[in-house]
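Every number in this text was worked out from the coordinates using simple rules, so none of it is lab data. Computed from a prediction, not measured in an experiment: that's the story for all the values here. Positions of Cβ are generated from backbone atoms using ideal geometry, with glycine treated the same way; all protein chains shown enter the neighbour counts.
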Amino acid sequence: MSFSYTAFDLPHPPESTQRDTPRLSIVVPCYNEETTLPALFGRLEQLNTDLLAAKLIAQPFELILVDDGSADGTWAAIQNAGARFAVTGVKLSRNHGHQKALFAGLMQAKADVVVSMDADLQDDPDAIAPMIEAYMRGAEVVYGVRGCRETDTWFKRRSARAYYATLRRLGVDLIPDHADFRLMSRRALKALSQFGETNLFLRGMVRELGFQSEIVTYSRSARVAGESKYTLRKMLALGMEGITSFSVQPLRMIVMFGFAVAALAFLFSLMAIVAWAGGRVVPGWTSVVLPLSLLGGAHLIALGVIGEYVGKIYEETKRRPRFIIDTVTSKHAGHDTIVAPQPIELVRAG
Ligand code: UDP
Ligand code: MG
């Protein structure tokens, strides 16, 4: 398999000094993934052997599995995971959603670098080696970018493309075709922990961090088992999050729209006055009802958009914890070698 490395948006020239071989944590959020976990464990077992052999990791990695309030046997599977690497299980108190589950896992990480990936092996574990190489060259963040989306449905492909294009027009800086498969250094993670928002849109937040970054392209495979846990509703919520968290353009667009409507209304009034002065007053029903209904619609849209943002302000001012952990377990499978016992220091807990 081949990977292309692209120097991406480098704020500083790449450091020439090679970094030391890092310790690695892999964070995987799991929501009803009982059927996919066995395949994941098998694949990661292989990856651990490969990475050790290639001297890309200093010791067997730590796998952090976050159970996002699953209703099936996911937590039991996490507990029983017997592996040649360390396994940390984080059980959230209920289903908090993918972004919050992932964030909870990231904040538990103890290693020098952390890779986040999905449980269903759609993110190719073989791309982790080039990600670590990029880190060793000096990158603090390495984005996994899907080279092709053939395995996604037609709807998902089209909606994703339209969504990225819209965000770009709204001034939101995202890496196209990058979701949440990425490597972050401990430094980048610490910076991320300073973001105080309750509503999380990690791919946008990580982009805001800056730092030296690279991208690694990979081809996205089909889910190994089970079905997508991202319902249309969850997808729409995430999409909305991306816009309202990172752009106030929609509010400005309302103002522009308002001006345009006001200008038209002004022209219309001039016409009406001219018609009235000329004595050509028509007992017009259409001319009353049409603008009224158009304006009614415009008002509702405008109010709706403002409401979205007001709702967000309401949620953010409550400053509720972003996730609530029920239990954390850890297993070192015979080699108690993960030495840094401190998870990322939280600037804002939860
Ligand atoms: N996931 C989660 N909480 C949720 C929904 C999804 O932790 O509420 C996890 C899921 O178990 C998987 C990852 O998020 O590891 C991505 O979900 P999925 O593969 O279903 O999304 P898709 O690839 O279809 O977009
Ligand atoms: Mg998936």
Next on the checklist: If R₀ is 30 angstrom, what is the calculated FRET efficiency for the pair Ser269 and Ile306, using the beta carbon separation as r and rounding to 0.05?
Outcome noted: 0.70
Next on the checklist: Using only the alpha-carbon atoms, how far is helix 232-246 inclined from the longest principal axis of the chain? Give it as 0 to 90 degrees, nearest 10.
Outcome noted: 80
Checklist outcome for this item: With x for Gly and Pro, the residue-by-residue ³J(HN,Hα) of the range 63-70, computed from phi through the Karplus equation 6.51 cos²θ - 1.76 cosθ + 1.60 at θ = phi - 60° and given in whole Hz, is 9, 10, 9, 9, 8, 8, x, 5
Next on the checklist: Rounded, prolate or oblate for the chain? Axes are the square roots of the Cα gyration tensor eigenvalues, ordered a ≥ b ≥ c, and the cut-off for rounded is a/c under 1.5.
Outcome noted: prolate
Item to check | In nm, spacing of pseudo-spin labels at Arg233 and Asn95 (7 Å Cα→C-beta vector) | outcome: 0.8
Checklist outcome for this item: Which residues qualify? For Val145, with a placed amide H closer than 5 Å and at least 5 residues away or on another chain, they are Val216, Thr217, Tyr218
Item to check | Projected label distance in nm at Ser159 and Gln46, using a 7 Å step from Cα toward the beta-carbon | outcome: 3.1
Item to check | Excluding exposed DSSP-loop GluC sites (Glu not before Pro) (at most 15 other C-beta within 10 Å), longest clean stretch of the chain | outcome: 16-149
Next on the checklist: Once you order the gyration tensor axes a ≥ b ≥ c over the Cα atoms, which shape class does the range 65-206 get: rounded for a/c under 1.5, otherwise prolate or oblate by comparing a/b with b/c?
Outcome noted: rounded
Checklist entry - Taking the Cα centre of the range 83-218 as the origin, how large is its charge dipole in debye, to the nearest 20, when only Lys and Arg (+1) and Asp and Glu (-1) carry charge on their Cβ atoms? => result 380
Checklist outcome for this item: Expected vector for the range 312-326, Karplus 3J(HN,Hα) from phi with 6.51, -1.76, 1.60 and θ = phi - 60°, integer Hz, x for Gly and Pro, equals 5, 4, 4, 5, 5, 5, 5, 6, 6, x, 7, 8, 10, 8, 8
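How do Tyr31, Tyr309, Tyr164, Tyr135 rank when sorted from fewest to most other Cβ atoms within 10 Å of their own Cβ?
Least to most surrounded, the residues fall as Tyr309, Tyr164, Tyr31, Tyr135.
Counting DSSP beta bridges with both partners in the chain, what percentage is antiparallel, nearest 5?
Beta bridges within the chain, antiparallel portion: roughly 45 percent.
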Checklist entry - Shape call for the range 32-73 from the C-alpha gyration tensor, a ≥ b ≥ c root eigenvalues: rounded (a/c under 1.5), prolate (a/b greater than b/c) or oblate? => result oblate
Checklist entry - Along the charge dipole of the chain, Cβ charges K/R +1 and D/E -1, which of Ala54, Pro291, Gln79 sits furthest on the positive end? => result Pro291
Checklist entry - Between Ile64 and residues 5 or more places away or on another chain, which pairs have amide H atoms under 5 Å apart, with H built 1.01 Å from N, and which residues are they? => result Ile26, Val27, Val28, Thr88
